1. Using packing as a proxy for protection, rank 90-98, 164-172 so that the peptide with the highest average count of other Cβ atoms within 10 Å comes first.
2. What Rg and what Dmax come out for the stretch 35-109 when only alpha-carbon atoms are used, in angstroms?
3. Rounded to the nearest 0.05, what FRET efficiency do residue 180 and residue 131 give with R0 = 22 Å and r taken as the Cβ-Cβ distance? Could you check?
4. Using Cα pairs closer than 8 Å and at least 6 residues apart in sequence, work out the relative contact order for the chain, in percent.
5. Per-residue counts of other Cβ atoms within 10 Å, averaged by peptide: what ranking do you get for 188-197, 173-182, highest first?
6. Quick one: helix 39-49 against the long Cα principal axis of the chain, what's the angle to the nearest 10°, folded into 0 to 90?
7. Please give the helix 65-75 orientation as an angle from the longest Cα principal axis of the chain, in degrees from 0 to 90, rounded to the nearest 10.
8. If only Cα atoms are counted, what is the Rg of the stretch 156-210, and what is its Dmax, in Å?
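The numbers here are math on the coordinates, done by the rules we state, and not lab data. Note that this is a predicted model, so its numbers are computed, not measured. So basically every Cβ, Gly included, is an ideal-geometry build from the backbone, and we count neighbours across all protein chains shown.
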């Protein structure tokens, strides 16, 4: 019998962790030993149960998967983290890998690719989903223009707000959805436009379409 790979699932949506558990539980060599819905609970269960692999949602509600990944990798070096997200934002992928993650996949990936990622990472290699690999390849071939304005990386929270703005939500609606003040949303709006060298919400919506945020 093949050696069991112990996995912890981290996502703040219970239906997602249940779906992953059912999906991966069908594999003879994979064992789900726990689930978590926050950065703190993820670290706690990893310290307690010492999984081989952590499947980490990058967009956790209480903080984010980047911080959770860094905490886990710094605390228990043997644990290998694979990040998952609905969006293949290259800047987020790079930041996640810099925190110690060993892989990154889109949540739209197939079961076969998820299992391939788990086995690849367990064997000591890094695994990036096909979409990410393609984007990185294109990025390396795209010349950087000296006249091209430089944009700073968006944070996880800023990306969430970009998606909300692009979907037509007002600052008040975003504030209620994200459990923050309207003033904080407006501050994020200002910072996002400044980082992306954009002038208004209309330009931001166009930018979001071009980058696959809605």
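1. Result, highest mean first: 90-98, 164-172.
2. 11.1, 32
3. Calculated value: 0.10.
4. 13
5. In decreasing order of mean packing, 188-197, 173-182 become 188-197, 173-182.
6. The answer is roughly 10 degrees.
7. 40
8. Reported Rg and Dmax, both Å: 10.1, 29.
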